[in-house]
Amino acid sequence: MQLSKEAVLMKANQACKNTLMETLNIEVVDFGADFLVARMPVDSRVYQPDGVLHGGATAALAESVGSFASHIFNDTEKFFVRGTEITANHLKSVTEGFVYAKATFLHKGRTTQLLDIRVTDDDDNLVSVCRLSTISLPKKKQ
């Protein structure tokens, strides 16, 4: 049985409870055959001291959406996913609204995955470009 888009999004967001994603109010808002989109509000919780979006919060958003994309497009009964490397190039400051991270696969292998993550603001301006490498490891049999 295939779940509806709404059911998948609800399940994804329920999985974020009691995690960094909940702390940063990251919400999964869309997905398709090869992408996942999440958003994060830009407010004082994610500011640098001078009142702009912190690059570390942006990187946390990017790693969260990329790792989650690898997770939902994987056989989670047999494998778990871990991020192994992330890079982030920050291009624009943001002081309010939301930032959106769209993760798309550059490589979707059985063991390793490489994702391109574009972070944009409410006006679709490019804020950051990130790359995330993930690895799928077998769960131990009990």
Quick check on region 88-96. Is at least one of its residues within 24 Å of E6 (Cα to Cα) and either touching a strand residue (DSSP E or B) at 6+ places or on another chain (Cβ under 8 Å) or modelled with pLDDT of 95 or more (or both)? no
Within region 104-135, track down each residue that is surrounded by fewer than 18 Cβ atoms within 10 Å (Cβ to Cβ), among the polar types (S, T, N, Q) and in contact (Cβ under 8 Å) with a residue 60 or more places away in the chain. T104
Return yes when K139 is more than 27 Å from E6 (Cβ to Cβ), open to solvent by 30 Å² or more (accessible area, probe 1.4 Å) and either of a type in the set (D, E, K, R) or touching a Lys or Arg at 6+ places or on another chain (Cβ under 8 Å) (or both) and no when it is not. yes
Filter region 1-30 down to the residues that are under 13 Å from I72 (Cα atoms) and modelled with pLDDT of 90 or more, then identify the one that is nearest to the chain's Cα centre (by Cα). V28
If I go through region 87-103 residue by residue, how many of them are open to solvent by less than 80 Å² (accessible area, probe 1.4 Å) and either touching a Cys at 6+ places or on another chain (Cβ under 8 Å) or in a strand (DSSP E or B) (or both)? 7
Would you point out the residue of region 113-142, among those that are modelled with pLDDT of 95 or more and hydroxyl-bearing (S, T, Y), that is nearest to T76 (Cα to Cα)? T134
Condition broken by L137, with the remaining ones in (1) more than 15 Å from the chain's Cα centre (by Cα); (2) aliphatic (A, V, I, L, M); (3) within 19 Å of V29 (Cα to Cα) satisfied: (3)
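The values are calculated or read from the model by the stated rules, or taken from the named source; none is laboratory data. In this text the structure is predicted, and so the values were computed from the model without any measurement. FYI the Cβ positions are ideal-geometry reconstructions off the backbone, even for glycines, and counts take in every protein chain you see. Keep in mind that these areas ignore ligands, DNA and RNA; they rest on the heavy atoms of the full protein, side chains included. Shrake-Rupley method; radii C 1.70, N 1.55, O 1.52, S 1.80 Å.
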